[in-house]
Structure formats: C-alpha cells, structure tokens
Amino acid sequence: MARILIVDDSPSQLMGIRRIVEKLGHDAITAEDGAAGVEAAKLHLPDLVLMDVVMPNLNGFQATRSLTRDPATRHIPVVLVTTKDQETDRVWGMRQGAKAYLTKPFSEAELSEIIIGMIGSSAIPDEG
C-alpha cells in the first residue's frame, strides 16, 4: 500500500480523487493549496503526489518545482491533474519536474492507469 498526497483546492475533486486512490488500495493524504501540499509532502514523504495547478498561495507549477528541486522530496513523483489543457501548460508542467500530466475532467480508468503506472496497486480492480 502506497501513500498518495492529493493537492487540490476543490473539495469535490479531493473527494473524488481520494475515492479512486483508496479503491486502488492506497492511503490518501490531502492538502487544499500548493503551499500546504509542499508542507504535507515534506512531513509525510508520500510515494506519489497528485497536484492541481490552479490553486491559491502556491499554484501547482510552483509547488511541483519546489518539490522536485528539494533534495528531501525530489524522489517523489508528481502528477499534475488540472483543467489547464493547452500544450504549453503541459510542456511547462513537465519542465517543472512533473512525471505525468492529466487533464480534467478525467475518467477513473485514466487516473487509475497513471497511479498504477507510477507506483503499482494494492488492489487491482476486477475486470469482471
């Protein structure tokens, strides 16, 4: 079981992403803005960070850059999960150190595939 930090200022997005993370068998930690996300990452050292971009205080690009440049957290993969869907946003996000970029709205399958690709899964959903 991995520990995944979800950073998003939308309570409904936090709840929806948490549900997917927990369904995959992982623990979820949440933060409601970029600054709180950076602090939570330093405190909990999660296995993965799912980071929104448009947030108060530090935006997701700034928070990602902070995490990927800090020796204490640079080993933690960051996935940007955002409504910003322009190619320039994607390129900029990857230049800040993100390992993947997922545009909202996304399906449960899309997010699950990225999480599994980054860290695996404790509970693979039944293909049924």
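Below is a table of values for the structure above.
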read-out	value
Within region 103-120, considering residues that are within 24 Å of residue 88 (Cα to Cα) and among the aliphatic types (A, V, I, L, M), the one surrounded by the most Cβ atoms within 10 Å (Cβ to Cβ)	115
Residue pairs meeting the criteria (Cβ under 7 Å; at least 6 apart or on separate chains; first more than 24 Å from residue 113 (Cβ to Cβ), in region 19-44; second surrounded by fewer than 18 Cβ atoms within 10 Å (Cβ to Cβ) and among the small types (Gly, Ala, Ser))	42/72
Any pair with Cβ under 6 angstrom, 6 or more apart, that starts in region 94-117 at a residue that is outside any strand (DSSP E or B) and ends at one that is aromatic (Phe, Trp, Tyr) and crowded, with 17+ Cβ neighbours inside 10 Å	96/61
Residue in region 63-75 that is in contact (Cβ under 8 Å) with a residue 12 or more places away in the chain, of a type in the set (S, T, N, Q), assigned to a helix (DSSP H, G or I) and in contact with a Ser or Thr (Cβ under 9 Å, 6 or more places away or on another chain) present	yes
Residue match in region 40-60 (condition: within 13 Å of residue 6 (Cα to Cα), assigned to a helix (DSSP H, G or I) and of a type outside the set (A, V, I, L, M))	yes
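Read-outs: derived from the displayed coordinates by stated rules, not from any lab. Small disclaimer: the values here were computed from a predicted structure and weren't measured. All Cβ positions, glycine included, derive from the backbone under ideal geometry; neighbour counts span all protein chains shown.
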